[in-house]
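Participant: I'd like to ask you about the structure that follows.
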Amino acid sequence: MKVLLTGVAGFIGYHVALKLLARGDTVVGVDKLNNYYDVSLKQARLDSIAKQDNAKNFQFIKLDLADQAATQKLFETEKPDSVIHLAAQAGVRYSLENPHAYISSNIVAFTNILEACRAIKPQHLVYASSSSVYGGNSKLPFSETDNVDNPVSLYAATKKANELMAHTYSHLYHIPTTGLRFFTVYGPWGRPDMSPFLFADAIINDRPIKVFNHGDMLRDFTYIDDIVEGVIRVLDKPATPSSNTGAPYRLFNIGNNQPEKLMDFIGLLENAIGKTAQKELLPMQAGDVKATYADTSALDAWVGFKPNTPLKTGVEKFVAWYKTFYKQRVN
C-alpha cells in the first residue's frame with residue numbers, strides 16, 4: 001500500500017513511518033520542517049528513516065500543506081492509496097502566542113488535504129485530533145460521545161474544527177475519515193516542548209522544572225509504540241457509514257486509560273535519571289486542563305487494541321534514548 005504521511009519529521013510521524021516501512025508499505029512523507037522546535041531533531045528523525053533497510057520505499061517531500069496548489073499537485077502526482085495526516089501546529093501554550101500559525105497549519109492545510117482527497121478518493125483518511133478537544137470537561141474518563149463544544153485553547157478549537165470538517169467531507173463526498181484523539185504522547189524521539197522532554201532536560205542539567213497547578217494534575221500518558229499500533233490498526237480498517245449520520249466517519253480516543261498524577265510521573269523521571277528535580281511550583285496556566293483520562297472502549301471494539309505500556313517502562317525507555325541521543329550522562 002502507498003501511504004501519504006504528513007508530518008513525517010514529527011514525533012509521531014517518524015514512528016509511524018518506521019512501522020509502515022517495516023511491514024512493506026511505500027511511504028511518501030511530507031513535512032515543512034518549521035522551526036517551532038529544533039529543526040535538527042526533525043532532520044535527525046529523517047536521517048534515521050533513511051538508514052532503514054527498506055528506505056528505498058520512502059520518499060521525503062518538503063512542502064507547506066497550506067499551499068493549495070502544491071498540495072493538490074502532490075496528491076495528483078503520488079495518488080496515494082491511503083492518507084495519514086499528522087502535520088499540524090502543535091502545542092496548547094504556543095497558541096496563545098502565535099494564533100495565526102494554527103489557522104494556517106491546522107485549518108487551511110486541513111482544508112487542502114480534504115479537497116485533495118475529494119479529487120483522488122483514497123481508501124481512507126486518518127488524521128490527528130487531540131484530547132485537548134475535551135476542554136474543561138469534568139466528567140471522567142473522556143468519551144467520544146461527550147460534548148466538546150467548549151474548547152479552552154485555540155489549538156483545541158482547531159482540532160475540533162478538523163473533526164467537523166472531516167465529517168462534512170465524509171458526508172458529502174463519501175470519503176472514509178477517522179480522527180484520533182491522542183492523549184499526552186511520550187517516548188523516544190519526543191517533542192522538546194512537551195513535559196517529559198522539558199523535565200528530563202532540566203533535571204539532567206540541574207535546572208528547575210516548572211510544575212503547574214502546584215503539581216495537582218492528572219495526565220493519561222500514552223507511550224509512542226501504543227499510539228503507532230493504534231494508528232496502523234485504524235488505517236487498515238476504513239470507516240464505514242455510521243448508524244447515526246450515514247457518513248463513513250469515526251472518532252477514537254487513543255490513551256493509556258490510566259491517568260497518572262503529575263508528581264508521580266516526575267518521580268519516575270527522577271528515578272530513571274538518578275537525580276532529584278528542583279521544582280518550581282506555579283499556578284495553572286491559561287489554556288491548560290487539570291486532568292485527562294481516555295475511555296478507549298470504542299477503539300478496542302473497532303480494532304481490538306488498547307494501549308497498555310506501563311508508565312515506568314515508557315519513562316525508562318525515554319530517558320535511555322535521551323541520554324544516548326544527547327550523549328549526556330548523569331554523575
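Participant: Please identify, among 75, 110, 183, the residue showing maximal mean-square fluctuation in a Gaussian network model of the chain using a 10 angstrom Cα cutoff.
Facilitator: 75
Participant: Over the range 200-312, what is the mean sequence separation of C-alpha contacts under 8 Å (at least six apart), divided by residue count, expressed as relative contact order in percent?
Facilitator: RCO, the range 200-312: 45 percent.
Participant: Still on this structure, please answer the following. Mind ordering 290-302, 272-284 by average Cβ neighbours within 10 Å, highest first?
Facilitator: Ranked by mean Cβ neighbours within 10 Å, highest first: 290-302, 272-284.
Participant: Hey, another quick one. Of 21, 175, 103, whose Cα points farthest to the positive end of the dipole of the chain (charges on the beta-carbon: +1 Lys, Arg; -1 Asp, Glu; origin at the Cα centre)?
Facilitator: Positive-most Cα among the choices belongs to 21.
Participant: Then there's this: For the residue pair residue 271 and residue 81, what label-to-label distance in nm results when each label sits 7 Å from Cα along the Cα-to-beta-carbon direction?
Facilitator: Modelled inter-label distance: 4.3 nm.
Participant: Using bins 10 angstrom wide from zero, how does P(r) for the range 228-331 break down, in % of all Cα pairs?
Facilitator: In order of increasing distance, the bins hold 12, 30, 29, 20, 8, 2, 0 percent.
Participant: Debye calculation, C-alpha points only, no solvent: report log10 I(q)/I(0) for the range 134-236 at q = 0.15 Å⁻¹, in the same order as the q values.
Facilitator: Log10 of I(q)/I(0), two decimals: -0.86.
Participant: I've got another one for you. Taking a ≥ b ≥ c as the square roots of the Cα gyration tensor eigenvalues, with a/c under 1.5 meaning rounded and otherwise prolate when a/b beats b/c, else oblate, which class fits the range 40-84?
Facilitator: Taking the square roots of the gyration eigenvalues as a ≥ b ≥ c, the range 40-84 is oblate.
Participant: Here is a follow-up. Please give the helix 224-235 orientation as an angle from the longest Cα principal axis of the chain, in degrees from 0 to 90, rounded to the nearest 10.
Facilitator: Its long axis makes an angle of about 10 degrees.
Participant: Measure nothing but the geometry: give the 0 to 90° angle between the long axis through the Cα atoms of 11-22 and the longest principal axis through the Cα atoms of the chain, rounded to 10°.
Facilitator: 60
Participant: Can you tell me what the convex hull of the Cα atoms of the range 125-190 projects to on average, as an area in nm²?
Facilitator: 5.4
Participant: So what is the accessible area of the range 239-317 per residue, in Å², with the probe set to 1.4 Å?
Facilitator: About 48 Å² of surface per residue is accessible.
Participant: If one takes the longest principal axis of the Cα atoms in the chain, at what angle in degrees, from 0 to 90 and to the nearest 10, does the Cα axis of helix 262-273 lie?
Facilitator: 80
Participant: Measure off 7 Å from each Cα along the Cα-to-Cβ vector at residue 244 and residue 54, then give the distance between these two points in nanometres to one decimal.
Facilitator: Spacing of the two 7 Å Cα→Cβ label points: 3.5 nm.
Participant: While we're on this one: Mind putting a number on the dipole of the chain about its Cα centre? Charges go on the C-beta only, +1 for Lys and Arg and -1 for Asp and Glu, and I need it in Debye to the nearest 20.
Facilitator: Charge dipole, the chain, about its Cα centre: 480 debye, nearest 20.
Participant: A further question follows. What is the percent carbon and sulfur in the accessible area of the chain, measuring with a 1.4 Å probe over the protein chains and ignoring ligands?
Facilitator: Carbon with sulfur: 51 percent of the solvent-accessible area.
Participant: Let's see if you can work this out: charge +1 on each Lys and Arg Cβ, -1 on each Asp and Glu Cβ, no other charges. What is the dipole magnitude of the range 175-331 about its Cα centre, in debye to the nearest 20?
Facilitator: Result for the range 175-331 is approximately 260 debye, rounded to the nearest 20.
Participant: On average, how much accessible surface per residue is there in the range 68-174, in Å², for a 1.4 Å probe, leaving out ligands, DNA and RNA?
Facilitator: I get 42 Å² per residue for this part.
The values are calculated or read from the model by the stated rules, or taken from the named source; none is laboratory data. On a predicted model such as this, the values are computed, not experimentally measured, just so you know. Using ideal geometry, Cβ is built from the backbone for each residue, glycine included, and neighbour counts are taken over all protein chains shown. Surface areas here come from the heavy atoms of the whole protein model, side chains and all, with no ligands, DNA or RNA. Shrake-Rupley method; radii C 1.70, N 1.55, O 1.52, S 1.80 Å.
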